[in-house]
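Only the coordinates and a few stated rules stand behind these numbers; no lab work does. Since the structure is predicted, the reported quantities are computational estimates derived from the model, not experimental observations. Because the Cβ atoms are built from the backbone with ideal geometry, glycine has one as well, and the counts that use them run over all protein chains shown.
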Amino acid sequence: MKKENIPAYEIVKQENLTDIHSVGYLLRHKKTGARLVLVENDDENKVFSIAFRTTPKNSTGVPHILEHSVLCGSREFPLKDPFVELVKGSLNTFLNAMTYPDKTCYPVASCNDQDFQNLMHVYLDAVFYPNIYQKEEIFRQEGWNYHLEQKEGPLTYNGVVYNEMKGAFSSPDEVLDREIMNNLFPDNTYGVESGGNPENIPELSYEEFLDFHRTYYHPSNSYIYLYGNMDMEEKLRFIDEKYLSAFDALDVDSAIKEQAAFSQVKELQIEYPVSESEEEEDNTYLSYNMVVGNAMDSTLGVAFDVLDYALLSAPGAPLKQALLDAGIGKEIYGDYSDGVLQPFFSIVAKGAKTSQKEKFVSVIRNCLQDIVRNGIDKKAILAGINYMEFRYREADFGQFPKGLMYGLDIMGSWLYDDENAFSQVQLLSIYDRLKEAVNEGYFEKLIQKWLLDNTHGLILTLVPKRGLAAQREKELADKLEAYKDGNMLKGGIVFADAVTTVSQTYAEEIKMPFYGEGLDGLMRARTNSLRGIVNGIDYNEFNPATDTMIAQTYDARTFRKEKVKNKRALQEQLGLPVDDKKFMVGIVSRLTDQKGLDLIQAVMDELCTDDIQLVVLGTGDEQYENMFRHYDWKYHDRVSAQIYYSNELSHKIYAGCDAFLMPSLFEPCGLSQLMALRYGTVPIVRETGGLKDTVEPYNEYEGKGTGFSFANYNAHEMLDTINYAKYIYYNKKREWNKIIDRAMAADFSWNTSAKKYQELYDWLIGY
């Protein structure tokens, strides 16, 4: 090849690839920066591939959907499905497309020169000029769509990729593989599912789908591969003149950052669904997974392929035998997963018990430590090296053209290092070095470093659970029913990028039937997008240091002397006996069942003892208005019922009372308890919604808490809590004042809430 004959390209490197009897060229397209590898030899089974580094940021499956969609017609081949036509009419020896965690590849192969040219032409046109911009139906067909079999029937999701991935996600082996990778690399593209999670696929919009193509399917982000006996110069001219030259260079941010090593090995347990007829017992997967170097270290990669054979595959493999002898699992296997920036080694026990996890890890580590201490079986290692070398020399890939497999091997390093394209097809010298290293303790050192001392690892337990599939189907059905019904609130929740409510606890509560108001299934389905952010109050309006509506201003430093003056003024105004020491409890509320008034009604006589004063302000249900009027008449020296609303009086109650009672049945956020905290009036609340999130229960042993709380919706549990608060007030005044200190120090201003919303918006835009 002469560079003067290919002026559009720069020859970066030329290398004799003696292992595969070829000459390799690494080229770069001058205008766009497109990367090319040429492998020249006398193989008549020619291979072309164009690949793109595709690094998704979520699990909507956009690379996978795009891989399907670009083959549904293009500028020069506007057929509905040219891929199917090629399968039927071409002389190809290989024709497909593949989505990987970090790349999408479009390879073809043929022994016929004209057929090969046609295939290359169709694929280049498909990736650069697909019909997806003109026909949204392609996206809907290949990705996802709503499907209604009958008018009155249930609404479902449909789509080629959606259905494919739904099947994939039902396989526990695939669930295991996916969860291992996602959890080993949580901070880069391997932390999401490039093929698409069925839960997330319907979140992908048509515009996001097109944006992904615009961004990543550009020559500047492409990897083009030609292999075999052909006129390489002619092919390069065609690729440039017909396609590459039409584009300008683009700065595509597709680089994959390395995952930082963990400070310690992670442990994780995840459920997977089994049918009602399947056993849960002895159906657990136990896995021990360690990240091993990076893809550019070819020697390390070959060495771990050998270790996989010697430790877990060879006859009498010690690690496999140790696990079987310990009765752990029905099947033991290992896997060295390359094809990613940071390969990882896995040891898996299939058909195990969940309770065997600790023993599983212990057996692995003890066995490996023993091997390091006493030396590995050199015969097994040499057998592994010879086996791998024989397979490599034979290049017998069955029905797959060897040029195709060499191309995929080349991508295993080329994708991560522009100039390191040929290391994976130059391995014979590595096999020779490893044979020598057997006697140098090399493999023992690898085991110690990567499998024993390594902290970048994951112990993953995959546990079967009956009913999980049905639960997920129910949640999905509820979500789709919401869309079908056309309920505006349901529809908004379905299509929203994120869903917020006014406290984190309430965000969890609304996933349950009692609180969910018929939307609990939908809320469970949107759990990954659901956030709870507590409301705030205006700290300028509600400020005891500046409040003009109260008798005496005070702050956190002066409340011990000044706050009581507000109690006296309130007692005088309401006609209650003026008594600084009397435990005064306030209620400012709508008088309804939701606010827990039925609890108060049940124990009113027990509540109104002579060591308490109860002040009520509000309106609502007639039965509760009359109840409080009755007790105001019955216990006029202890109860004051103001059955109206006054903003000024509410401020006086917040400032003058010792405690504030709020026993709500449910309370998404609640504001009254926030005002009470601000004024140093100790809240007594039920643990629900925002009340649970904003009032920390008093703990006399740890000296913590900003109020008092009870869990169950029970009148006597509420009464016991009030009496406990009363006990602390009368007998441990220093502790009571410390509670007030902590209450007044709490910050529930809008400044705090606004920061939470800012974090949410930053997350939504990927900031």
Lys/Arg Cβ at +1, Asp/Glu Cβ at -1, dipole of the chain taken about the Cα centre: which of Y757, S287, V588 is farthest positive-ward?
V588
To the nearest 20 Debye, how big is the dipole of region 1-88 about its Cα centre, given +1 on the beta carbon of each Lys and Arg and -1 on that of each Asp and Glu?
580
Considering the dipole of the chain built from charges on the beta carbon (Lys and Arg +1, Asp and Glu -1) around the Cα centre, which of S529, P172, H213 is farthest to its positive end?
S529
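Please give the charge dipole size of the chain, origin at the Cα centre, charges +1 on K and R Cβ atoms and -1 on D and E Cβ atoms. Round to the nearest 20 debye. Don't skip to the answer; put the middle values down first.
Numbers: 80 positive and 116 negative charges, 419 e Å.
The dipole magnitude comes to about 2020 debye.
When a/c is below 1.5 the answer is rounded, else prolate if a/b is larger than b/c, else oblate, so apply that to region 719-763 with a ≥ b ≥ c taken from the square roots of the Cα gyration tensor eigenvalues. The partial results should precede the final answer.
Details: a/c = 6.06, a/b = 2.82, b/c = 2.15.
In terms of gyration-tensor shape, prolate.
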Could you work out the helix-only [θ] at 222 nm for the chain, with each DSSP H run of four or more residues adding -39,500 (n - 2.57) and the total divided by the number of residues, to the nearest 500 deg cm²/dmol?
-12000 deg cm²/dmol
To test your reading of the geometry: what angle, between 0 and 90 degrees and rounded to tens, separates the Cα axis of helix 232-242 from the longest principal axis of the chain?
40
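How high is the relative contact order of region 600-722, in percent, with contacts defined as C-alpha pairs under 8 Å that are six or more residues apart?
Values: 182 pairs, mean separation 23.3, N = 123.
It comes to 19 percent, rounded to a whole number.
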Quick check: from the Cα gyration tensor, does region 559-747 come out rounded (a/c under 1.5), prolate or oblate?
rounded
Counting only C-alpha contacts under 8 Å and six or more residues apart, can you give the relative contact order of region 240-396 as a whole percent?
26
Rank-order 7-20, 749-762 by packing density, defined as the average count of other C-beta atoms within 10 Å over each peptide's residues, highest first.
7-20, 749-762
Ratio Rg/Rh [Cα only; Rh per Kirkwood] for the chain
1.11
Rounded to 10°, Cα long-axis angle of helix 715-731 versus longest principal axis of the chain
70
Using the alpha-carbon atoms, what tilt in degrees (0 to 90, nearest 10) does helix 206-216 show relative to the longest principal axis of the chain?
50
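Given an 8 Å cut-off on Cα distances and at least 6 residues of separation, report the relative contact order of the chain as a percent. Spell out each step's value before the answer.
Working: 1405 pairs, mean separation 82.5, N = 767.
After rounding, I find 11 percent.
Are any of the pairs K103/K320; K350/K449; K350/K379; K57/K266; K379/K449 more than 30 Å apart by Cα-Cα distance, and if so, which?
Checking Cα-Cα distances, K103/K320 exceed 30 Å.
Just the number, please: percent antiparallel of the DSSP beta bridges in the chain, rounded to the nearest 5. Each step should come with its number before you reach the end.
On the way: 60 of 100 bridges.
So the antiparallel bridges in the chain amount to around 60 percent.
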Under the rule rounded for a/c under 1.5, else prolate if a/b exceeds b/c, else oblate, using alpha carbon gyration tensor axes a ≥ b ≥ c, region 209-287 is classed as prolate
